[in-house]
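**Student:** One structure follows; several queries about it will come next.
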Amino acid sequence: MPGVKRLLDFIAGTANIRTLESALRVSSLRQKVLSNNIANVDTPLFKRSEVLFETYLKDYLDYLEKEKKPEPAEKKLAMTATNSRHIVPRKEVLPEPFLGAVVRTVNENVMRTDGNNVDIDSEMADMAKNTIYYQAIAQRIGGYFTTMRTVIENR
């Protein structure tokens, strides 16, 4: 049976499945955050929260893409500080390693006199969008395993 376990680990451990699994986890977290926002729509001074995932993932992927294709040396202009009052050239700031989703409390956009910034219509729309997203990811995972089963059974 150790061979079967290794095969299953290989099938479930591919990059596509790990990415889809992360997307499901983020969608689940987003659903909890949106539900919490909706539950507190009438709570004075409550500040809504949001899940940041796609922005961080895009920045990280852009960084990785940039690392693959460095700019030609002739396009780079070297800076040198020749005086103590000059601005010291800074090293390129590397993004943090991509760790997944981040939940952020939104303190801007207070549109009500009680200090609450939850817009029920916006939250409900986001929840519907997130539900569709979750279902699409779940279908894709199901399709992947259906394909794997077909390959294994040699149909």
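The values are calculated or read from the model by the stated rules, or taken from the named source; none is laboratory data. Here the structure is a predicted model, which means the values were calculated and not measured. Cβ: placed from backbone, ideal geometry, glycine included. Neighbour counts: every protein chain shown.
**Student:** Inside the stretch 19-51, can you point out the residues that are aliphatic (A, V, I, L, M) and either outside any loop (DSSP other than H, G, I, E, B) or more than 18 Å from Asn117 (Cβ to Cβ) (or both)?
**Tutor:** Leu20, Ala23, Leu24, Val26, Leu29, Val33, Leu34, Ile38, Ala39, Val51 - these are the residues of the stretch 19-51 that are aliphatic (A, V, I, L, M) and either outside any loop (DSSP other than H, G, I, E, B) or more than 18 Å from Asn117 (Cβ to Cβ) (or both).
**Student:** In the stretch 131-141, which residues are exposed (fewer than 14 other Cβ atoms within 10 Å of the Cβ) and closer than 17 Å to Ser22 by Cβ?
**Tutor:** Matches in the stretch 131-141: Gln135, Ala136, Gln139.
**Student:** Do you know which residues across the stretch 16-47 are at pLDDT below 90 and either touching a Cys at 6+ places or on another chain (Cβ under 8 Å) or of a type in the set (Val, Ile, Thr) (or both)?
**Tutor:** Hits for the stretch 16-47 are Ile17, Thr19.
**Student:** Could you please tell me which pairs satisfy a Cβ distance under 7 Å, a separation of 6+ or placement on different chains, a first residue in the stretch 126-147 that is in contact (Cβ under 8 Å) with a residue 12 or more places away in the chain, and a second residue that is surrounded by fewer than 12 Cβ atoms within 10 Å (Cβ to Cβ)?
**Tutor:** Taking only residues 6 or more apart or on different chains, the pairs are Tyr144/Asn16.
**Student:** Right, Val103: of a type in the set (A, V, I, L, M, F, W, C), modelled with pLDDT of 85 or more, under 26 Å from Arg48 (Cα atoms) and part of a loop (DSSP other than H, G, I, E, B) or not?
**Tutor:** Criteria not met by Val103.
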